[in-house]
1. Taking the 0 to 90 degree range and rounding to the nearest ten, how far is the long axis of helix 100-110 tilted relative to the main principal axis of the chain, both from C-alpha atoms?
2. Residue-wise, which Karplus ³J(HN,Hα) couplings in Hz belong to region 188-193, taking 6.51 cos²θ - 1.76 cosθ + 1.60, θ = phi - 60°, and x for glycine or proline?
3. Would you list, by chain and number, the aspartates and glutamates whose Cα falls below 15 Å from the Cα of Lys180, excluding same-chain residues fewer than 8 positions away?
4. Nearest 10 degrees is fine. How inclined is helix 15-24 to the longest principal axis of the chain, computing both from alpha carbons?
5. For His144, what accessible surface area do you get with a 1.4 Å probe? Give it in Å², rounded to 10.
6. Go through region 1-101 and name the GluC sites (Glu not before Pro) that are in a DSSP coil and have 10 or fewer other Cβ atoms within 10 Å of their Cβ.
7. Residue by residue through region 118-134, what is 3J(HN,Hα) from phi via Karplus (6.51 cos²θ - 1.76 cosθ + 1.60, θ = phi - 60°)? Round to whole Hz and write x for glycine and proline.
8. Can you work out the accessible area per residue across region 1-146, with the rest of the protein chains kept in place, probe 1.4 Å, in square angstrom?
Amino acid sequence: MNKAVNRILLATNNKGKVREFRSLLKGLPFELVTPEELGITTEVDETGKTLEENARLKAVTLAGESKLVSLADDSGLEVDALNGEPGPLSARYAGAGATDKDRVNYLLKRLHGVPPDKRTARFRCVIAAAKPDGEVEMCSGECHGIITGEPKGETGFGYDPIFYLPEYGKTMAELPLEIKNNISHRGNAARKVTGILAKLGII
Ligand code: ITT
């Protein structure tokens with residue numbers, strides 16, 4: 001195994017994702033590094049219309065720049081009553097410079113008056129693995145839940161405080177990381193990462 005393959009770049013600037021991936025991928029025979037640790041400050045413009053396009057864009061750009069095999073995650077929340085919004089726009093839903101809290105409040109406002117049985121939603125995560133030469137493989141995962149009327153819980157990130165899981169009687173932000181990873185969109189996608197790295201000939 002050469003040095004370029006001993007390390008894998010987690011091509012994200014989202015600290016919540018990094019925390020989850022470090023736990024989910026700890027069995028892989030690679031050192032996981034972040035752009036920040038390598039001094040890479042590139043912000044990839046997410047110009048794609050789908051999670052797949054944006055995951056590919058982030059992975060290929062960062063793999064080319066770092067010369068390391070790179071894993072990128074593009075994820076989002078799809079709310080049925082909003083025709084699948086915010087979807088790929090999840091990070092930018094309340095405008096530039098908004099915080100997780102702003103996005104949660106904006107989404108709750110959009111859903112004002114929608115009854116509980118019509119507040120169904122899913123998180124989707126697409127992971128792209130790219131080699132520095134641009135070859136890419138992808139996998140994905142989902143997690144289904146209901147958007148609550150008010151935020152609850154402190155763990156996780158993003159929309160977790162309003163994503164209610166009926167089977168646990170809790171929001172995603174009330175669950176410890178290990179349980180979130182067992183059931184989440186990111187967990188379900190991450191369990192397929194070994195398969196896509198094998199397709200790329202990395203393991
Ligand atoms: P990178 O592009 O640097 O990875 P990002 O936060 O911009 O970071 P995305 O473009 O994939 O990532 O946006 C996904 C958004 O969807 C994220 O900012 C959250 O608001 C939301 N999201 C994704 N996964 C989530 C999760 O597990 N729990 C709660 N919200 C999540």
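The values are calculated or read from the model by the stated rules, or taken from the named source; none is laboratory data. These numbers were taken from a predicted model, which means no experiment stands behind them. Cβ placement follows ideal geometry from the backbone for every residue including glycine, while neighbour counts extend to all protein chains displayed. Ligands, DNA and RNA are stripped out before the accessible areas are found, and what is left, the full protein with its side chains, is counted by its heavy atoms. Shrake-Rupley method; radii C 1.70, N 1.55, O 1.52, S 1.80 Å.
1. So the helix axis and the longest Cα principal axis differ by about 40 degrees.
2. With coefficients 6.51, -1.76 and 1.60, one gets 5, 6, 5, 5, 9, 5 Hz.
3. Glu20, Glu142, Glu154, Asp160, Glu167
4. 70 degrees
5. Per-residue accessible area (His144): approximately 110 Å².
6. Values: sites: Glu20, Glu31, Glu36, Glu37, Glu43, Glu46, Glu52, Glu53, Glu65, Glu78; in loops: Glu43, Glu46.
Passing both the DSSP loop test and the Cβ count: Glu43.
7. Once θ is set to phi - 60°, the couplings for region 118-134 become 10, 9, 5, 7, 9, 8, 10, 10, 10, 10, 10, 10, 10, 8, x, 7, x Hz.
8. Working: 7330 Å² over 146 residues.
Ligands and nucleic acids excluded, the result is 50 Å² per residue.
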